[in-house]
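Report on one structure; see the data block that follows.
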Amino acid sequence: MSFWRQSLKLANRLISHNSKSIFHATNSRNFHRWVSPTLRELSRRRKIVGPDPEKPRSTYLEWNYDVEIHCFGKRVGENFDEKVLREAFIQREWANLQEFKGKAEDESFIPPQHNYELVQEGFKLIKDHIQDIYSKTYTIDIVNAVCDYLTTDEMLAHVAKYLGVKDLIKSVEFPPSTKTLADTFKAIVGALSYSADPERVKLFVNDFVVCQMNGKDVYDIWTPDNPYDYLLKLLQEKGITNVEPRLCNQSATNTILANYQVGLYNSEDKSCLGLGWGENIQIAKNSAALDAIQRIYN
Amino acid sequence: MSNSHLFLKPAFITTPGQNGVGRYVCQLQRVVLKFCKSHGASRGMREFIESDLINFVKNSPEVAVYLKPRRHRSPIIKAEYLNGETQWINASNFTQEEVLKWLFLVKSQASNRTGIRLRKLLHTDHPSIQGPWTPYLFRDPKLNLTTFPNEELSQADVQDETATVKLLKLFQLQKIEDLNEKRAE
Amino acid sequence: MSVLKRVQQWATFARVWHIYDATWQNPFASAELIKKYLMGLYKPIYHPMNDCGDHVIVINSAEIALPGDEWTKRVYFHHTGYPGGATWTLAWELHTKDPKMILYKAVYRGMKGNLQRRHTMQRLHIFPDANVPAHLLGNVSNQIKQLRPIPKRLDHMDPEVVKNSPKIFDYPKDYIVR
């Protein structure tokens, strides 16, 4: 058809049809122009407000406290007396709060039993066991240092966390504080003492608390004030009286990176008691003494 | 050469809280099986729940298993570990065996390991038995008594005999022969 | 961190000072030897990111021996960057100007041209003769063996020993030694 006829047809169509139906919006499969700014604004507001607070697991739909308690017992590998175990997870503040709320509604409300006594008993059991084990080979100051280190709140809370205790605790605050976690662990030990014989309690403390010393150096936890004098005392008990410190090697002595190697020798049979290094001779002598102390206890 | 390591987070092998040293504690706390009662993708999950789930629960009493039927949603395995991490596995169109295998995997793990590469496949608290190397390990103690620079220590190692030494030896031999001849006379 | 662990690391990464006598040695062969100590390559703890290099004091660098006719033929090129700034310096000319330069350049060029090179070269201390400051000499705890044996000079020997040694031939009696 000729050019003029085509254009006349088009003009007709334009005039007769509604303008809406001719200018269809073409289907767009791209991101809409308002998506990016919306997401940007949302993330800006989230950054200002901060993340949502953590919700306790018990607020979820899929939660069964009885099943969780049963699983806890199996996970730890012990047969607990269920009633005592449930008490071990109840903190005193929470029990008091429940009592307050219950008494307000109904005078004859029986408050839940809390874990205060269990905590005390459990703590004593843990400390006694640790001291029993270590007193067999080590002196009193080392035993005390190790006991203090293993029974700090942070250590016991760390152990408790990996037993899955966080969701089972009934406490006022969430997430439960370090002290609460540590107390719960002690209470569990106390509950175990009511549920099983003392041997099992000792094994439990062994497997969870004492094994935290695996791979740890004693000197991470405790150092004697005067290592050399401490060593001399220890050696006197063994019968070694003549100890000779000798400078074995040195390098770069006039620089700040000087290194001295000092060895401690038994004068009688010329055997080496310990070797140590240091930036100056005094430090090297002290570290040689520490090395010698370690060798005695091996 | 693969580039999958580039966007993976690097991590070392660790056991949480010295797990195997005392007694072994299964690090999987609970598993939530979410499925649809009618959709086809949940079929494997439904079959698993009907047949193998009881055995699994009997064999792992330390894991709390929850079932959550949800309409018009794909089947999910959500695993929660003792360290607080969760692993979310889409179980769409899984077979019954696949669901069981994923559950075994999740039970043996201690944390969610997707997106993480292990830098070393081993860990040791005592990397050295005889003690780490020091520059003094094979050092001759006589070096402590020398003043530097020392001529003897500086001398190069001579492998072959020099011509001078050979000559001197020949000369000595000649002297000895002369002596012997004189004695023979 | 316990005292023992800290002190163990201090000992493992302790810096050792070596001394090397460059009398009558080939500087290019010596450079290969010295760079091993400077970089710490002889140590089992070696890693380029480890900072385990040692110090080396080189004495008598004025007495080095270049092989063959390198004294007259080896040329050190330098360009200042400005037009007409190219200089070609023969080895013997450079040596008279600064007796440390040949050995310094030999070690520098023997190393790989990475960013650690300049830092490692700072641990090399070259002296043209045997006069080393006392505070540096006090650090030294090891002597590096030379590569080539130095022959004894006839005029430095004991005259008694010379008289009793065998002679293969001798100058004629009326020979005048120039």
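Going toward the positive end of the dipole of chain C, with +1 on Lys and Arg Cβ and -1 on Asp and Glu Cβ, which of C:A31, C:V177, C:V161 do you reach last?
Going by the charge dipole, the pick is C:A31.
Work out the charge dipole of the protein assembly as shown with +1 on the Cβ of Lys and Arg and -1 on the Cβ of Asp and Glu about the Cα centre, then indicate which of B:Q96, A:I240, C:G113 is farthest towards its positive end.
It is B:Q96, whose Cα lies furthest towards the positive end.
Might you report the magnitude of the Cβ-based charge dipole of segment A:65-218 about its Cα centre, with Lys and Arg at +1 and Asp and Glu at -1, to the nearest 20 debye?
That gives segment A:65-218 a dipole magnitude of about 300 debye.
Measure up A:K74/A:K216; A:K55/A:K101; A:K47/A:K186 against 32 Å on the Cα-Cα distance and list the ones that go over.
The answer is A:K47/A:K186.
In whole angstrom, note down how far apart the Cα centers of segment A:254-276 and segment A:151-203 are.
46
If I fit a long axis through the Cα atoms of helix C:3-12 and take the longest principal axis of the Cα atoms of chain C, what angle between them do I get, 0 to 90°, rounded to 10?
In chain C, helix C:3-12 runs at an angle near 30 degrees to the longest axis.
Which shape class, rounded, prolate or oblate, goes with the protein assembly as shown when its Cα gyration tensor gives a ≥ b ≥ c as root eigenvalues, a/c under 1.5 marks rounded, and past that a/b bigger than b/c marks prolate?
oblate
Can you compute the helix-only [θ] at 222 nm over the protein assembly as shown? Use -39500 (n - 2.57) per DSSP H run of at least 4 residues, normalise by all residues, nearest 500 deg cm²/dmol.
My calculation for the protein assembly as shown gives -12500 deg cm²/dmol from helical runs alone.
Quick one: work out the % antiparallel among DSSP beta bridges in the protein assembly as shown, nearest 5.
Given both bridge residues lie in the protein assembly as shown, the antiparallel proportion sits at roughly 60 percent.
How big is the convex hull of the Cα atoms of chain C, per residue, in Å³?
220
I'd like the projected area of segment A:223-297, averaged over all directions, using the convex hull of its alpha carbons. Report it in nm² with one decimal.
About 4.9 nm², averaged over all directions.
If the only charges are +1 at each Lys and Arg Cβ and -1 at each Asp and Glu Cβ, what is the size of the charge dipole of segment A:18-115 around the Cα centre, to the nearest 20 debye?
In debye, rounded to 20, segment A:18-115 gives about 1360.
How far apart, in nanometres, would the label points at B:K175 and C:K145 be if each is projected 7 angstrom from Cα along the Cα-to-Cβ direction?
3.0
Once every Cα of segment A:65-218 carries one equal point scatterer and solvent is ignored, give the base-10 log of I(q)/I(0) from the Debye formula at q = 0.17 Å⁻¹, two decimals.
-0.96
Compute the projected area of the convex hull of the Cα atoms of segment B:84-185, averaged over all viewing directions, and report it in nm² to one decimal place.
Average projection, Cα convex hull of segment B:84-185: 20.5 nm².
Could you work out how far helix A:116-135 tilts from the main Cα principal axis of chain A, as a 0 to 90 degree angle to the nearest 10?
Computed tilt is about 50 degrees.
For peptide A:274-284, how many partner chain Cβ atoms fall within 10 Å of a residue's Cβ, on average?
3
Grab segment C:23-178 and count how many Lys pairs have their alpha-carbon atoms under 23 Å apart, sequence gap of 8 or more, or different chains.
Counting lysine pairs in segment C:23-178 gives 21.
Looking at A:Y297, A:W34, A:F174, which one has the Cα that reaches farthest to the positive end of the dipole of chain A (charges on Cβ: Lys, Arg +1; Asp, Glu -1)?
A:W34
How far, in degrees from 0 to 90, does helix A:227-238 lean away from the longest principal axis of the Cα atoms of chain A, to the nearest 10?
It is inclined by approximately 50 degrees.
Counting other C-beta atoms within 10 Å, and keeping those with at most 11, which DSSP coil trypsin sites (Lys or Arg not before Pro) do you find in segment B:98-185?
B:R119, B:K120
Which whole number of Å³ per residue matches the convex hull of the alpha-carbon atoms in segment B:8-118?
Taking only Cα atoms, segment B:8-118 has a hull volume of 104 Å³ per residue.
For a test of understanding, tell me how many lysine pairs in chain B have Cα atoms under 23 Å apart, given they are 8 or more places apart or on different chains.
23
With +1 on each Lys and Arg Cβ and -1 on each Asp and Glu Cβ, how big is the dipole of chain C about its Cα centre, in debye rounded to the nearest 20?
It works out to roughly 720 debye.
In angstroms, what radius of gyration and Dmax does chain A have, counting Cα atoms only?
36.0, 126
Whole Å is fine, so just give me how far the alpha carbon centre of segment B:46-80 lies from that of segment C:123-151.
If we compute the Cα centre of each part, the gap is 76 Å.
Taken together, the values in this text are just the output of simple stated rules run on the coordinates, not laboratory data. All figures in this text were calculated on a predicted structure; none of them were measured in a lab. Virtual Cβ from ideal backbone geometry, glycine too; neighbours counted across all protein chains shown.
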